[in-house]
Structures are given as C-alpha cells and as structure tokens.
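Below: one structure, written as structure tokens.
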Amino acid sequence: MQKRWVQKPKKNVDNINKLKDELGVNSIIAELLLNRDVETFEQAREFFRPSLTHLHDPFLMKGMDAAIARIERAIGNNEKILIYGDYDVDGTTAVSVVYNFFRNFHSRLEYYIPDRYKEGYGISTEGIDYAHEQGFSLIIALDCGIKAIDKINYAKSKQIDFIIGDHHLPGDSLPDAVAVLDPKRDDCPYPYKELSGCGIGFKIIQAFIIQNGMDMEMAYQYLDLVAVSIASDIVPITGENRILTHFGLKKLNGNACCGLQALINLSTHKTGQFSINDIVFQIGPRINAAGRIDHAKDAVQLLTSKSLSEAKIFSENIDDQNNVRKDFDLRITEEALSLLDNDTGLQSRKTTVLYKSDWHKGVIGIVASRLTERYYRPTVILTETNGHIAGSARSVLGFDLYEALSECSDLLDQYGGHKYAAGLTMQHSNVPLFQERFEEVVSKSIKPEMLQQEVLIEKVIQLRDIDGKFYRILRQFEPFGPQNEAPVFMSQRVTAAGLAYVVGATHLKFSVKQEDSFAFECIGFGLGEHADRINSGKPFDICYAIEENNWRGKKNLQLNVKAIRF
C-alpha cells in the first residue's frame, strides 16, 4: 500500500532564528524543538537535561493525602493489604512496584491479578470475594477501577476499603473509594495528566516517602519498572513521563531489578543499550505473554524476585509462554489473512471483522493490530470464549473506534476502550449483524485519507546536513515515543550509490547520495519491491529516520527508510 506523505507545518522563521541564536544550534534542530513545544532556552535546558528534581509533588494529586493516611493506618493497625492490578504490562509493573516497596514496611501484604479469561478486565467480584475470605481490609487497585462503581460498593458491603490508582478516563461519576487517584479527574489539579498506571503507583510510594521523611532513592530504585510500563502502555513520552523514562532506562541498562535483568539476559542477540523499542518488542511481549497464555501473576512473581537465580527460573517459564503466544499469533494471523486474501468481497470493505470460534482470546488483539497494519482499516477480531463471543478491535489514525462501537451498542453485551483500541462481547447470533452494522457505521463517517497510512515528515533536509554532530544532538531528543517520535526527514532527488538488493524476504538494502553529499547506507523494511526502479539510475525521494548501525563492532550512520517516491 502506498503511504501518504504529510509534512508538518513549517514553524515561524522568526521563532526558528530566535531559538537557533539562543541555543547555538542550526535551524533544523531549532525547528525540531519548536515542534515539541520547546520555545525558550530554559525549556530547552529541561528538555536536554532531564532532572528528577523536576518531578511534581505527588500531593498535588487529588486524594493523595487520604490515600497515604489510609495506608499508614493499615500499617499501624497491622491490617491485611491487597495490591490489585490489571494483567497487562502496565498493571503487573504497577503491582510489582507498590508491592516491592511496601513489603519493606509491612508483612501482611499480598498481590492479586485477575484471570483474563475467568474474571476479565478490572476489579472483579471474585477478587473482592477472595479479599473478604482472606481477611483483607484494604485493597490498593492500580491501572484499573476508575469506573468500578458497583464493585467498590460491593466491597464496602464486605467492609473492605479501596484506594484506586488509575490513569484511564473517568465516567460521569467516581467510585465511592477512600481515595481515587487519577490525574484525568476533572477536579484533579495534578499538572501532568499522562502518567501510566505504574506511574500512579510510583507517585503513591513517592508520597509515602515524603510523608515519612525517608530517602527518595527508595522510590528511584523502581524507575526501571516505571520505564517499562511507559514504553509498553504507549503513553506520551513528554513532561514527567520523559523524565521517568530517561532515568528508568539508565537504571534498566545499569542496575536493573532481578526480574528485568533475567528478561534482558534472554535477549542474547542484543548488543549495546536497551532502548524504548527494545522494551516494546522484547521485554513487554514477554511480560504480557504470562496473562495471555496462563496467568499474569507469573509476571509479578518474576518482577518481585529477590535474586537473579530465582528470577531466571521465572523468566524461562515466561519465555516459554511467549513462544507459545508467538505460535498462536503466527497461526491465527495467517488464518485471518487467508480469509481476507481469498475473499474479494471482504477486501473491498472499509472494515475488517473476522470470526473463528477456536482463535485464542489471548492473542486476538495482536492479530487485530497486524491486520490493521496490512489492510489499514478499522479491524475487529472475534472468537468464542466461555459460551459467548469476545472481540478485540483496533483503529487507524484519526478514526474514533470507540464512537463507532457505541453506534453498535444494541448488538453488544459489553464494550470498552478508547479511540484506537477496544474490547467487546456479544451473543453468537449478533456476529453477522455486527459485521454489517460496523461496516455501515464506519463507511459513512471515515474519511478516505484515513484509509491510507501516512508518513509524518518533520523537515525536508539535504543529505549533506547529516553528520556526526547533527546525530549526537538528535540522540539527545531521546527517549523517543508518542508525542516525541524519532524525527522523520525527507530528502528529494537522491540517487543510488551502488546496487540495491533485497535481503530477507522483502527488505531493501541500498545506498544513496545527493549532489555533493557522502553516500549513506539505507535499510528499507518491506520495501524490496523498489529494487529495480532504484537500480534504473533515476532520482527519487525518500523519507527516513537517522540511526546508528552497529555491525560487528563497526558503527556508521544509516538511514532507516520509511517510504520511497519516484
């Protein structure tokens, strides 16, 4: 599929020159900074030199005073405390951070992760019943609970108090908990709204430390887990998240906790420092696999390990689960693509809705993402579980999936999520009705350009602008992620420097030059079809990110080409 090339609007020249002169950088770097809302010398200093002293006071979060007071009362009265969290990476890291910290001060402490298949997402009746049977009087819920009004009322009837630490959007009313910690509350004055669920857990322990006059290093030792949550949950890497991630990556690469170190050791092919991408593609999927294939408590068991030898055993178990997950993922993706590729009627639609009763529920979200990448349109993958139909949905840039599902709500038993990802359940008899309704709803509201993947280009530059100094400054823009993506540049009328050839099944290796520039090596993943046209000698345009290639100890700058236009 041809991608749509979209250039960011050019910034005001006077603003570019002003910042360029203040910082002593070139105009390209100045414009990249302005694109990230860095407009002054002071803002640039904070951007390039993150500091833990710039983290916000946790007591600015609405409800934090009440939360800490209730935790201190529980510890003082020797009450049983249950740390409760979601089964994904954000939830399991959040539980691990809070459990790891408070077990230093309190022995009557346990954690609880709901079973993805038996209990589903969020706070469950089964979890509350377990807490009641085991004599817990306080539950600290992390990465879930903001809409669990009925469940919190049920817990109160069992004399169980709740502290909720969530980062999802609240509904019209809040649960009747001791404290509801969520920066997205309308009445919460906390300055930064985009913390992960684990980030909320970190703020709880930060507040406890401040309240008790302890050393803040006791909180900073968990920043590697916080960074893993931020990367895996795809929250914006801006503001406070950028500071947490910056120092979390240092901890991950210098002195990671036993559980994460064991996962790093499994990535034997990795050389050099672990990055956000390495977390997203190597660490995150392994942690997630526990909840997808067996039970996410295995992930918490790993992340709360006290020794590397103990963690090694747990990590090998999780690695096995991840291999099973990959097998399910590969098989189901192939089956789903085969259904699409062999049905011209399905191909001509503006949506993909596929159902097969034996697809594994734990990987249908991954499969939905893969099909969205391939056909680039709103996608729902459905399977059968416990006598009903469960589905996972993914959207494309700019299209509100949640709104589309709400227009099909009469056909659904439950649905939840956000603009780009959602989960849903329905009766078996409603599957064909939903396929048609969803297609109808999307067709009337989606814009044609939304059905074509875009490449967002920050700046048109000349290849001669790229050198070691330019790249070293670009590296200081890291860590990259949502709202601080690695810059994608465009260079026009480049020509091949040598022969282009295909590596692997579909990837393209080639070199380019432009007028008086050096030749730059390029890699284009999935772009192998362009080899012959590149070798014709005619000029073409490329858009790309700049990276450092490290091969057998030899480092050189390389262009990671996202698209080619002839």
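Results for (1) at positive phi; (2) touching a His at 6+ places or on another chain (Cβ under 9 Å); (3) part of a helix (DSSP H, G or I), shown as yes or no for each residue.
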{"residue": "LEU174", "(1), (2), (3)": "no, no, no"}
{"residue": "ILE204", "(1), (2), (3)": "no, no, yes"}
{"residue": "GLY213", "(1), (2), (3)": "yes, no, no"}
{"residue": "MET218", "(1), (2), (3)": "no, no, yes"}
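So which strands (runs of 3 or more DSSP E) stay within the range 74-154 end to end and still have 1 or more residues that are charged (D, E, K, R) and touching a residue at least 12 places away in the same chain (Cβ under 8 Å)?
In the range 74-154, the matching strands (runs of 3 or more DSSP E) lie at 80-85, 109-112.
Would you pick out the residues in the range 511-529 that are within 35 Å of the chain's Cα centre (by Cα) and aromatic (Phe, Trp, Tyr)?
PHE520, PHE525
Which of the residues that make up the range 495-512 are surrounded by fewer than 17 Cβ atoms within 10 Å (Cβ to Cβ) and touching a residue at least 40 places away in the same chain (Cβ under 8 Å)?
THR495
Counting only residues that are more than 30 Å from ILE75 (Cα to Cα) and surrounded by fewer than 19 Cβ atoms within 10 Å (Cβ to Cβ), how many does the range 205-238 have?
3
Restrict the check to the range 96-113 and report whether at least one residue is at pLDDT 95 or above, closer than 25 Å to GLY387 by Cβ and in the same structural domain as ARG292 (by TED's automatic domain parsing).
Yes: one or more hits.
Name every residue in the range 34-71 that is surrounded by fewer than 16 Cβ atoms within 10 Å (Cβ to Cβ), assigned to a helix (DSSP H, G or I) and β-branched (Val, Ile, Thr), in order of residue number.
Selection gives THR53 alone.
Take THR125 and tell me if it is in the same structural domain as ALA290 (by TED's automatic domain parsing), among the hydroxyl-bearing types (Ser, Thr, Tyr), closer than 27 Å to HIS360 by Cα and surrounded by fewer than 22 Cβ atoms within 10 Å (Cβ to Cβ).
Criteria met by THR125.
Pick from ASP187, ASP224, ASP233: which is of a type in the set (Asp, Glu) and under 20 Å from ALA66 (Cβ atoms)?
Checking each option against the conditions leaves just ASP187.
Tell me whether the range 81-104 contains one or more residues that are surrounded by fewer than 18 Cβ atoms within 10 Å (Cβ to Cβ) and not basic (Lys, Arg).
yes
Which one is nearest to LYS118 (Cα to Cα), of the residues in the range 343-364 that are in a helix (DSSP H, G or I) and in contact with a Leu (Cβ under 7 Å, 6 or more places away or on another chain)?
Selected residue: LEU346.
Suppose the filter is free of Cβ contacts under 8 Å to residues at least 60 places away in the same chain, closer than 23 Å to TYR87 by Cα and not polar (S, T, N, Q); does ALA390 pass it?
Yes; evaluated as a whole, the condition is true for this residue.
Answer with yes or no whether SER517 is buried (at least 16 other Cβ atoms within 10 Å of the Cβ), within 25 Å of LYS10 (Cα to Cα), at pLDDT 95 or above and touching a helix residue (DSSP H, G or I) at 6+ places or on another chain (Cβ under 8 Å).
So SER517 fails the test.
Just for the range 128-178: of the residues that are surrounded by 22 or more Cβ atoms within 10 Å (Cβ to Cβ) and among the acidic types (Asp, Glu), which one is farthest from GLY423 (Cα to Cα)?
The selected residue is ASP166.
Give the number of residues within the range 446-466 that are free of Cβ contacts under 8 Å to residues at least 60 places away in the same chain and either more than 21 Å from ARG374 (Cα to Cα) or in contact with a Leu (Cβ under 8 Å, 6 or more places away or on another chain) (or both).
4
Of all residues being small (Gly, Ala, Ser) and closer than 24 Å to PRO236 by Cβ in the range 1-53, which is nearest to the chain's Cα centre (by Cα)? Just the residue, please.
SER51
Go through VAL380, VAL353, VAL363 for me and flag whichever is buried (at least 21 other Cβ atoms within 10 Å of the Cβ), under 17 Å from ARG331 (Cβ atoms) and among the β-branched types (Val, Ile, Thr).
One residue alone meets the criteria, VAL363.
Here are ASP65, ASP88: which of them is assigned by TED's automatic domain parsing to the domain that holds ARG286 and at pLDDT below 95?
After applying the criteria, what remains is ASP88.
Cβ contacts < 9 Å: first residue in the same structural domain as THR93 (by TED's automatic domain parsing) and closer than 13 Å to ASP319 by Cα, restricted to the range 264-282; second residue hydroxyl-bearing (Ser, Thr, Tyr) and at pLDDT 90 or above, any location; separation 6+ or different chain. Result?
ASN265/SER315; LEU266/SER315
The values are calculated or read from the model by the stated rules, or taken from the named source; none is laboratory data. Predicted model, so just to flag it, every value in this text is computed and none were measured. Neighbour counts run over all protein chains shown; Cβ positions are idealised from the backbone, glycine included.
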